[in-house]
Structures are given as C-alpha cells and as structure tokens.
Amino acid sequence: MALTKRKPAVKPAQAKDAAVSEGKGPKEVTPVRRRRLRYLLLYLAAIGFAFYAVITIINQNVRIAEKKAELSELQQQINVVEIQSKYIEKVQHYQGQELSDYMEKIAKEELGYVGEGERIFINVAGDQ
C-alpha cells in the first residue's frame with residue numbers, strides 16, 4: 001500500500017480565498033480598491049472639467065477680440081458716413097455763385113472737363 005499525502009479539509013470560505021489567491025475564479029474588489037477607483041475617476045473628471053473650462057475661456061477671449069476688431073472697423077465706417085452725410089447736407093444748401101463754383105470743381109476733378117483758355121499738363125515722368 002502506497003501512502004499519499006492528503007489535502008487538509010478546507011472550509012468553503014477558505015476555499016474561496018484559496019481560489020482567488022491561486023488565480024482561479026473572480027477577483028473580489030475590496031472597499032479600499034473601490035475607494036481608490038472612485039477617487040481616480042473623480043480626479044480624472046476634475047482634470048477634464050478644468051481642461052474644458054480653460055479651452056472655453058480661451059475660445060471666448062478669441063471671439064471677444066474678433067468682435068472688438070469688427071466693432072472698431074464698423075465705428076470707422078460710421079464716422080466716414082457721418083462726414084459724407086454732413087458734406088452732402090452742406091452742398092444741398094449751396095446757392096448762386098457757391099453752387100456754380102462747386103459744379104465747376106466737380107466737372108474738372110471728377111469728369112475731366114477743362115474751362116475755356118485752360119491747359120492741362122500731364123507729368124509723364126511721374127514726379128510731382
């Protein structure tokens with residue numbers, strides 16, 4: 001008769017621990033691991049939110065700068081139109097000699113007309 005070594009009797013709770021320690025069966029997550037996992041997820045969420053907030057703030061600052069530039073350009077256009085409007089109102093009230101002088105000025109400068117006895121000299125060299 002050959003003698004063999006008997007395995008000691010194992011209780012069910014000990015069998016479960018033995019199976020887990022041997023790598024067999026599902027691993028049980030301990031409360032400490034759950035807490036660590038929860039803190040890790042919370043930490044990652046906080047980092048994600050901070051990253052999102054920084055990106056959003058930068059994006060908003062870029063938009064604000066663009067809108068300020070656009071506002072400045074529009075303000076310049078408004079100023080130009082106001083000056084033109086004032087000039088037109090002034091011209092509308094011209095009468096008599098003042099009106100004929102204005103018409104002559106427009107004819108010479110914008111339409112290229114020449115008065116009687118006047119000569120136009122063109123500088124072909126481009127020097128003024």
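All of the numbers you see were taken from the coordinates with simple rules; none came from a lab. All values derive from a computational prediction rather than experimental measurement. Methodologically, a virtual Cβ is constructed for each residue, glycine included, from the backbone with ideal geometry; neighbour enumeration extends over all protein chains shown.
Details
- Label-point separation in nm, residue 111 to residue 36, each point 7 Å along Cα→Cβ: 9.3
- Computed extension length for residue 104-residue 81: 5.8 nm, one decimal, from 0.36 nm per residue of separation with the Cα-Cα distance subtracted.
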